[in-house]
Every structure is written in C-alpha cells, then in structure tokens.
Amino acid sequence: MKKPTLQSGEKSAAKLLQYADNILLKMTENADMFPEPDPTLAELDTAIGGFREAVSEASYRDMRKVEVKNQLQAALREVIYGLSLYVDRVAQGNAATILAAGFLPSKDSTPTGIAPKPTDFRVTLPRVNSQTVALRVKAWAPARMYQFEYRKVGTDGDWERVLRSKSICVLEGLEKLQEYEFRVAYVGTDPTVTYSDAVRSYVL
C-alpha cells in the first residue's frame, strides 16, 4: 500500500524547499482532487516563504538567525507532515493520486498498527551554559517520524512539538535555570499517538 513520503529528513534546505514547492504547485493544479487540504495551501505557502527567507538570512552565520531558520524548517516539515496525512486519506494507497499531490509514493508497506509506547527515552545536557538539551529515544524501525514535545514544568500550557526523521533531537534556546518536561511519540501508519513517560530536567 503506497504512502506519501515526507522527504524531510536530513536533506539540504534546497531539497526541502524544492519538495515543498512541488507539493504546493501540484495541489494547486489539482485542487479538484484535494478540495479541503489540512493544513491549508495558504499555510504551506507561508511556511515555505518564511523558511526560504530565513535560509538566506542565516547564511551570514548569525546564531540567532540560524536558530530562527531551524525553527522555521521544523514548522515547514510539520506542515508537510500534516498534508501527507491528508493526501494519504484521499489517495487510499493510489500512487497516481499521491503523485498528483506532489508527493513521492513510498514503497509498498504493511500497516504496522498502533505505534508502541517509546522506551529508553533520555534527556541530557550536552554543554553547560548552552541552554541546549539533547533528547534520544530507542528507535522503532516502522516509524515515519519521531514527535518530540516539551514545555515548562508547572505551566499546564500546550506542548511545543518538534518532528524529526531520526530518534535524536537537539533543542536550543531554552530558558536558563528553568525546569522543563519532555516526552516523545513514534509517528507510524496509524494516527493514534502513544507517548513515552515524561522526563523532567533543568536547563543550564
């Protein structure tokens, strides 16, 4: 059964922008096939524009601008991921429909069911005074993505979400001397989300 591939792993900014541009073009051209995209194509267009501008500005190696670029890259990946779920529902495994949306179809795969609860989730501080946290979880072969989430302890606010193609994630620019809680979930073929146990850590 074919699935839309994300093409948003450890690829260059240019490759990611090219893939996103193609999705925007094809889904616009074939709007009759994809009448109610979620996220919307306007959101995709905004995410592409923001990331493209950030890539240009980050070329000067300004650390703040590099961090902004990384955040906008993650935001673009998340929009592409959301659209891949929408296209998957519309296509029902049809490779031609997936291609009409600008995505590349995957190789034939067997549904894996609900993703298991992630185990061996670790939070480390790679460098003191860096306001950086490294997250690592045991890899799960069928995972399409790894969904890392974090928030300040005691705020009861919404979790910030970061999608990665690998089982490791580095978060930068967190608030110094603040305690955060972290969790992770595997993203598989089934939309059900099963989180790991939350892990707490102070940021130094």
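Values in this text are rule-based calculations from the coordinates and carry no lab data. All figures in this text were calculated on a predicted structure; none of them were measured in a lab. Virtual Cβ from ideal backbone geometry, glycine too; neighbours counted across all protein chains shown.
General remarks:
- Candidates Met33, Met63, Met145: whichever shows maximal mean-square fluctuation once the chain is modelled as a Gaussian network with Cα springs under 10 Å: Met63
- Three-way shape call for the chain based on the alpha-carbon gyration tensor, with the a/c threshold at 1.5: oblate
- Förster-model FRET efficiency, 41 Å R0, Ser130 and Leu25, C-beta, rounded to 0.05: 0.55
- The label point for Thr119 and the one for Asp62, both projected 7 Å from the Cα toward the Cβ, are 4.7 nm apart.
- Cβ-based exposure ranking for Met1, Met27, in which fewest neighbours within 10 Å come first: Met1, Met27
- In the chain, taking the dipole from charged Cβ atoms about the Cα centre, the farthest positive-side position among Ala134, Val79, Met145 is held by Ala134.
- Relative contact order of the chain: 22 percent, from C-alpha pairs under 8 Å at least 6 residues apart in sequence.
- The shape of region 13-100 can be summarised by an equivalent ellipsoid whose semi-axes, obtained from the alpha carbon gyration tensor, come to 28, 11, 10 Å from longest to shortest.
- Among Leu177, Leu85, sorting on how many other beta-carbon atoms sit within 10 Å of each Cβ, with the fewest leading, yields Leu177, Leu85.
- Expected 222 nm ellipticity per residue - DSSP helices of 4 or more, -39500 (n - 2.57), all of the chain, to 500: -11500 deg cm²/dmol
- Sorting 15-24, 166-175 by average packing, meaning the other beta carbons within 10 Å per residue, from highest down gives 15-24, 166-175.
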